Amino acid sequence: MTTTMPVSERGYTQVRSQTAPGDQSPKTLRVGPACYHVLHLTVLMAAHEMDLFYDEGLHDEYGRENYEIVPHGLAPFGFEKITLAQAMKDKEVHIATDVQPRTALYLSSQGADICVIAGWRNNRGRSLVAKKEIRTMQDLRGKRIGISDIGDNHHLFLTYWLHQAGVDPHSEIEWVTGIGPEMRLAPLLEGKIDGGLVTYGDHVAELQKAGLAVLKDFSSTYPDGRPDRVIVSSNRVVDERRDEVKAFLRAILRVYWFVRDAQNFHYMRNLERRLRRQSPNSYEQARPIHVKSPEWMEKHQAYPLDGLATGLEQYAEEMLVLGEIDPKIDLGKVIRQELMSEAFKELSARPAVQPDLERARAVVRRIGY
């Protein structure tokens, strides 16, 4: 199977100039993932290896790259909400990817200059699966729910819905940590946990045979997807470095289309293998490979076709209910996705990338998101 490489407008063999008279290049645009998990680094590294950042304009007049990827996570896991803005300042990072939306909402409501400039992952099709005798959310009192960690997206997501059902997620639920989405099916089938979020459609027969059923299907609740992760920057960077930010976003859009193309399965799988080997974290080194098959890429690389985070206003309402953010928050300062909208419009009109966009659109039509 061949890899469908994005079109490079200068060719991959061109040598970049390593020297130039004086230091006349603009300040390097520094970007990095908020979380240390390897899977969240693959998109940035694919864009780098495919020359997409360079091709979209992140270079100076002498042909030198003027961007830098800061790997391995900006904020301590579990403390992103309170530390990310300071971590970005300390490390002089201008754009952070793979950020929980609540982080941007919380920090902005506390006075920090941080805003959402694009979507990263909009999840759809999640179902809360539980034993058949558990018929309502209230029946989960005292039960075991599997999650990756306290404070992760699934924990936060279920905390809201348990709260809405009148269940105290802090005292009436036993959260079983260390059970990520890719390993959640087995503990459910073996009865080690009583419930958990899964992509139900992939495992219908196994779940039914084991006496499990869907307690709540969230696909209709979030018809356009729920923003699990976003890309953030500051209003100052968006306003002062508009062209560079948009160049970055064009490259990100192109790689979003690239990673959902099943023809690129072998490249993406090998990229994940390489990055796991290079990770300084022993857990990430030993973690099972996520990119399991071409079909997995299409279904689970749920990066938005147009690059936009969907449902942010609804998400903000949920965070208000949970007391995560100040009610006086100005969403106009937090949601700044206009550059991504412009980036999508520009790429959509560019003939050279039309084949990539059309392949991505075909996946969306077939899968539904």
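Residues that are touching a helix residue (DSSP H, G or I) at 6+ places or on another chain (Cβ under 8 Å), crowded, with 18+ Cβ neighbours inside 10 Å and within 28 Å of M183 (Cβ to Cβ) are absent from the stretch 336-348. Cβ-Cβ contacts under 9 Å between residues 6 or more apart (or on different chains), taken from a first residue in the stretch 137-151 that is part of a loop (DSSP other than H, G, I, E, B) to a second residue that is open to solvent by 60 Å² or more (accessible area, probe 1.4 Å) and hydroxyl-bearing (S, T, Y), are listed as I147/T177; S148/T177; D149/T177; I150/T177. Inside the stretch 185-206, can you point out the residues that are open to solvent by less than 60 Å² (accessible area, probe 1.4 Å), modelled with pLDDT of 85 or more and not in a helix (DSSP H, G or I)? Correct list: G191, I193, D194, G195, G196, L197. Look at the stretch 317-344: where a residue is more than 30 Å from D243 (Cα to Cα) and a partner is aromatic (F, W, Y), sitting 6+ places away or on another chain with Cβ atoms under 8 Å, you get E318/Y160; M319/Y106; V321/Y160; L322/Y160; E324/Y106; I325/Y106. Screening G151 against (1) under 19 Å from the mean Cα position of the chain (by Cα); (2) surrounded by 20 or more Cβ atoms within 10 Å (Cβ to Cβ); (3) of a type in the set (G, A, S) leaves a single unmet condition, (2). When you check E68 against the structure, is it at pLDDT 95 or above, open to solvent by 20 Å² or more (accessible area, probe 1.4 Å), in a strand (DSSP E or B) and farther than 30 Å from E298 by Cβ, yes or no? Yes.
Counting only residues that are under 22 Å from the mean Cα position of the chain (by Cα) and open to solvent by 40 Å² or more (accessible area, probe 1.4 Å), the stretch 207-223 holds 4 of them. Just give me the residues in the stretch 75-93 being crowded, with 22+ Cβ neighbours inside 10 Å and touching an Asp or Glu at 6+ places or on another chain (Cβ under 8 Å), in sequence order. Scanning the stretch 75-93 gives a single hit, A85.
Residues that are in contact with a Gly (Cβ under 9 Å, 6 or more places away or on another chain), open to solvent by 20 Å² or more (accessible area, probe 1.4 Å) and of a type outside the set (S, T, N, Q) do not occur anywhere in the stretch 40-61.
Go through the stretch 295-310 and give me each residue that's surrounded by 17 or more Cβ atoms within 10 Å (Cβ to Cβ), outside any loop (DSSP other than H, G, I, E, B) and not aromatic (F, W, Y). Correct list: M297, E298, K299, H300. Residue check: R226 meets all listed conditions (1) open to solvent by 50 Å² or more (accessible area, probe 1.4 Å); (2) in contact with a Phe, Trp or Tyr (Cβ under 9 Å, 6 or more places away or on another chain) but one, namely (1).
The values are calculated or read from the model by the stated rules, or taken from the named source; none is laboratory data. Just so it is clear, the structure is predicted and the values come from calculations on it, not from any experiment. Here Cβ is always computed from backbone atoms with ideal geometry, including for glycine, and neighbour counts include all displayed protein chains. Note: accessible area is taken over every heavy atom of the protein model, side chains too, but ligands, DNA and RNA are not part of it. Shrake-Rupley method; radii C 1.70, N 1.55, O 1.52, S 1.80 Å.
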